[in-house]
1. Is it the case that some residue within segment 141-159 is at pLDDT 95 or above and closer than 27 Å to Lys254 by Cα?
2. Tell me the helices (runs of 4 or more DSSP H) entirely within segment 1-108 that contain at least 3 residues that are open to solvent by 10 Å² or more (accessible area, probe 1.4 Å).
3. Taking segment 161-179, which residues are in a helix (DSSP H, G or I) and either of a type in the set (Phe, Trp, Tyr) or over 17 Å from the mean Cα position of the chain (by Cα) (or both)?
4. Determine whether Ala218 is open to solvent by less than 30 Å² (accessible area, probe 1.4 Å) and either closer than 30 Å to Ile5 by Cα or in a loop (DSSP other than H, G, I, E, B) (or both).
5. Given (1) at pLDDT 90 or above; (2) over 14 Å from the mean Cα position of the chain (by Cα), where does Ser109 come up short, assuming only one miss?
6. With respect to Gln256, determine if the residue is part of a helix (DSSP H, G or I), open to solvent by less than 70 Å² (accessible area, probe 1.4 Å), in contact with a helix residue (DSSP H, G or I) (Cβ under 6 Å, 6 or more places away or on another chain) and on the phi < 0 side of the Ramachandran plot.
7. Exactly one condition in (1) open to solvent by less than 50 Å² (accessible area, probe 1.4 Å); (2) farther than 29 Å from Lys99 by Cα; (3) more than 17 Å from the chain's Cα centre (by Cα); (4) not charged (D, E, K, R) is not met by Thr232; state its number.
8. Restricting to segment 85-115, give me the number of residues that are polar (S, T, N, Q), over 16 Å from Gly184 (Cβ atoms) and either in contact (Cβ under 8 Å) with a residue 60 or more places away in the chain or touching a Leu at 6+ places or on another chain (Cβ under 8 Å) (or both).
Amino acid sequence: MLETIKNTADYIRAAVGEMPDTAIILGTGLGDLVNHIEISKELDYHQIPNFPVSTVEGHSGKLIFGRLGGRYIMAMQGRFHYYEGYDMKQVTFPVRVMKALGVKTLFVSNAAGGMNKEFVVGDVMIITDHINLFPENPLRGKNHEELGPRFPAMTEAYSQRLIAMADEIAAADGIRLMHGVYVGTAGPTFETPAEYEYFRIIGGDAVGMSTVPEVIVANHAGMEVFGVSVITDLGGKDIKEVPTHEEVQKAAVKAQPVMTHIIKEMVSRL
């Protein structure tokens with residue numbers, strides 16, 4: 001594993017040159033942020049040794065380097081999901097490579113279904129914590145001390161400093177910004193009304209099929225993490241609408257300007 005990470009990192013460093021200390025993982029329908037990056041280099045995933053290739057519509061599959069808000073960053077346009085058939089080591093492999101390349105701050109975004117009764121479709125939710133309901137943990141198996149401790153704390157999986165920064169930006173610009181707990185599930189089915197209700201009862205505000213594995217590994221590696229969800233549909237026993245992937249993408253696209261503004265401003269302040 002260590003050798004594989006090193007080989008991939010060496011390839012990227014040789015192909016790109018200067019490495020950033022900030023990275024962004026862009027989720028479903030949230031790729032518009034790329035249009036705000038002054039791109040200096042991009043690599044298709046299939047060019048990169050040992051990288052999986054995204055199979056999901058709306059996930060482009062490129063590693064992008066350039067300037068956002070005046071800061072040099074790396075962005076993953078398209079991520080990997082457990083439901084695609086990858087194991088957790090593959091899903092989180094890019095985060096391991098980011099750390100090897102010198103990344104210290106990781107931004108993650110996703111589309112999520114909301115069960116908080118105060119949410120409306122199109123809301124942007126800052127992730128304050130998560131509940132991991134994936135059947136496998138990405139840290140299961142032999143621990144390499146070079147990568148992180150055997151039993152990493154998850155007390156502050158999402159940086160309070162960065163959350164406060166996002167709130168400050170939103171308040172100054174009159175943006176409605178929600179806070180909540182993200183529930184991570186394996187997918188690929190959307191949730192049943194009873195499952196939405198269950199997730200709400202156990203403390204969740206939104207649910208999705210990504211993010212949690214990457215955040216666990218980022219914390220294991222000592223990165224500072226900021227997470228954001230776009231609420232693309234609502235669920236529960238009293239909601240009868242049937243979500244589709246197309247509707248999720250449309251809702252995410254509508255919320256893109258807010259998410260883009262928040263992250264762009266935050267990156268410029270780092």
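1. Scanning segment 141-159, I find at least one residue that is at pLDDT 95 or above and closer than 27 Å to Lys254 by Cα, so the answer is yes.
2. Here the list reads 2-16, 93-100.
3. If the condition is that a residue be in a helix (DSSP H, G or I) and either of a type in the set (Phe, Trp, Tyr) or over 17 Å from the mean Cα position of the chain (by Cα) (or both), then Arg161, Ala164, Met165, Asp167, Glu168, Ile169, Ala170, Ala171, Ala172, Asp173 are the ones that fit.
4. Values: open to solvent by less than 30 Å² (accessible area, probe 1.4 Å): yes; either closer than 30 Å to Ile5 by Cα or in a loop (DSSP other than H, G, I, E, B) (or both): yes.
Yes: the conditions hold for Ala218.
5. (2)
6. Details: part of a helix (DSSP H, G or I): yes; open to solvent by less than 70 Å² (accessible area, probe 1.4 Å): yes; in contact with a helix residue (DSSP H, G or I) (Cβ under 6 Å, 6 or more places away or on another chain): yes; on the phi < 0 side of the Ramachandran plot: yes.
So Gln256 fits the description; yes.
7. For Thr232, the failing item is (3).
8. Qualifying residue count for the region: 1.
The values are calculated or read from the model by the stated rules, or taken from the named source; none is laboratory data. Here the structure is a predicted model, which is why all the values come from computation and not from measurement. Using ideal geometry, Cβ is built from the backbone for each residue, glycine included, and neighbour counts are taken over all protein chains shown. The area values use the complete protein model at the heavy-atom level, side chains included, leaving out ligands, DNA and RNA. Shrake-Rupley method; radii C 1.70, N 1.55, O 1.52, S 1.80 Å.
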